[in-house]
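Visitor: Can you read through this structure? Questions will come right after.
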Amino acid sequence: MRLLAVDDSPVMRDLIPLLVDNDMVVRSAASGSAALSILQGSEQPFDCLLLDIEMPGMDGIELCRHVRSLPRYTLTPVIMLTARTDGGSIEAAFAAGANDYITKTLNTRTLRGRLRVAERLRDASGMFRCDRRRLSTFGKPRGAHPFCASQSVTILGTGQMIDPFSLGNYLAQLPRRDIEHSRIFGARLENFEKIYRSTTTPEFGDLLVEVAEGLQALVRASSALTCYDGNGTFICLARSADLPATDQMEAELAAHLQATWQQGATAALPPLTITLGTPVTPFANKTQRVRKSLLRAQARLEARSARKGLGPAGTRHPRETISMRAAGLDVPRN
């Protein structure tokens with residue numbers, strides 16, 4: 001595994017190679033601009049990037065955005081390394097495209113553990129990521145998408161949209177003081193199968209963007225991250241407890257999609273039916289926090305769907321929960 005470590009501290013640049021496994025090849029850079037030069041000039045791509053947030057000039061968050069714009073690095077695991085532990089900094093890192101976050105009270109066990117998770121992400125299948133600017137380059141046949149219906153899809157360059165794997169890490173990393181003021185909920189396109197079959201890839205991608213941006217506007221806060229988990233299901237995690245009523249959010253999101261996505265379509269598309277689950281407070285205990293929080297959000301989404309007559313009570317969506325990719329990341333953190 002080839003790792004690029006970017007840190008303006010010479011102490012950290014010397015320390016990191018001593019903490020990783022012996023079979024890992026580590027190259028270091030002292031600044032964001034130096035890192036970009038290395039990434040663009042390297043014949044063999046790196047398998048993982050370790051970025052310091054607080055650097056002069058280009059900080060780690062800005063560097064991460066640049067990295068995600070490079071075609072070879074849209075899927076490469078990015079781990080942020082920082083002394084900051086506040087929820088705002090953690091959210092900004094994940095919104096920029098990071099997949100994990102480590103504080104600088106780091107030791108061999110912690111770093112090696114997070115790098116093993118990065119390897120799992122690198123080798124994971126079932127996730128599709130694409131820069132928003134590249135959506136128009138895909139073919140126009142309706143229903144002929146480069147991803148299957150059950151795949152997670154992430155449209156890069158969409159502000160607060162991230163992949164399920166990273167959302168799980170973000171939730172796991174949130175400080176306990178932020179958890180009690182946060183809410184997590186699911187959203188589902190109930191007629192998803194018809195939408196999937198009748199849209200082009202650019203139209204489908206635009207729909208995902210509009211849902212993510214609509215959810216962001218609904219929570220009335222900049223502190224929210226959303227992922228699309230496949231099968232028409234979204235997960236939204238807001239660092240705010242002051243959310244509108246669920247019926248109101250659902251109606252406003254439907255109106256937003258009618259005014260944006262459906263009005264802008266070049267052909268007649270199926271009407272949208274969307275359900276939002278009642279927001280719940282994530283579990284505070286870090287042990288199984290992600291899994292338990294998602295299961296609770298899943299139950300609320302299913303209950304809302306059943307009350308609307310869109311599914312019998314007690315049934316589940318075709319997948320066991322709304323994000324096994326995210327829930328699988330409940331791991332001990334030191």
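Visitor: Out of everything in region 223-250 that is surrounded by fewer than 24 Cβ atoms within 10 Å (Cβ to Cβ) and among the acidic types (Asp, Glu), what residue ends up being farthest from Gln298 (Cα to Cα)?
Guide: Asp242
Visitor: Starting from residues that are of a type in the set (A, V, I, L, M, F, W, C), modelled with pLDDT of 85 or more and part of a loop (DSSP other than H, G, I, E, B), keep the ones in region 90-112 and report whichever is surrounded by the fewest Cβ atoms within 10 Å (Cβ to Cβ).
Guide: Ala96
Visitor: Could you list all residues from region 7-32 that are more than 16 Å from Leu81 (Cα to Cα) and either modelled with pLDDT of 95 or more or acidic (Asp, Glu) (or both)?
Guide: Selection gives Asp21, Asp23.
Visitor: Taking the criterion of being touching a Gly at 6+ places or on another chain (Cβ under 8 Å), crowded, with 16+ Cβ neighbours inside 10 Å, of a type outside the set (Asp, Glu) and closer than 28 Å to Leu207 by Cα, would at least one residue in region 78-89 satisfy it?
Guide: For region 78-89, residues touching a Gly at 6+ places or on another chain (Cβ under 8 Å), crowded, with 16+ Cβ neighbours inside 10 Å, of a type outside the set (Asp, Glu) and closer than 28 Å to Leu207 by Cα: present.
Visitor: Same structure again: Given the condition closer than 22 Å to Pro71 by Cβ, in the same structural domain as Asp206 (by TED's automatic domain parsing), over 11 Å from the mean Cα position of the chain (by Cα) and of a type in the set (Asp, Glu), answer yes or no: does some residue in region 147-167 qualify?
Guide: no
Visitor: Residues being of a type in the set (Ser, Thr, Tyr), assigned to a loop (DSSP other than H, G, I, E, B) and within 20 Å of Thr158 (Cβ to Cβ): count how many of those fall in region 46-89. Spell out how you get there, then give the answer.
Guide: Looking only at region 46-89, we keep the residues that are of a type in the set (Ser, Thr, Tyr), and these are 69, 73-74, 76, 82, 85, 89.
From the residues that got through so far, the ones that are assigned to a loop (DSSP other than H, G, I, E, B) too are 69, 74, 76, 85.
Okay, now just the ones that are also within 20 Å of Thr158 (Cβ to Cβ), so 69, 74, 76.
Count: 3.
Visitor: Mind listing just one residue for me: the one in region 162-180 that is outside any helix (DSSP H, G or I) and touching a helix residue (DSSP H, G or I) at 6+ places or on another chain (Cβ under 9 Å) and, of those, farthest from Val78 (Cα to Cα)? Before the answer, list the steps.
Guide: Of region 162-180, the ones outside any helix (DSSP H, G or I) are 162-163, 174-175, 180.
Narrowing further to those that are touching a helix residue (DSSP H, G or I) at 6+ places or on another chain (Cβ under 9 Å): 162-163, 174-175.
On the way: Ile162: 13, Asp163: 13, Leu174: 18, Pro175: 20 Å.
The extreme case among them is Pro175.
The values are calculated or read from the model by the stated rules, or taken from the named source; none is laboratory data. The structure displayed is predicted, hence computed values, not measured ones. Don't worry about glycine lacking a Cβ; one is built from the backbone with ideal geometry, like all the others, and counts go over all protein chains shown.
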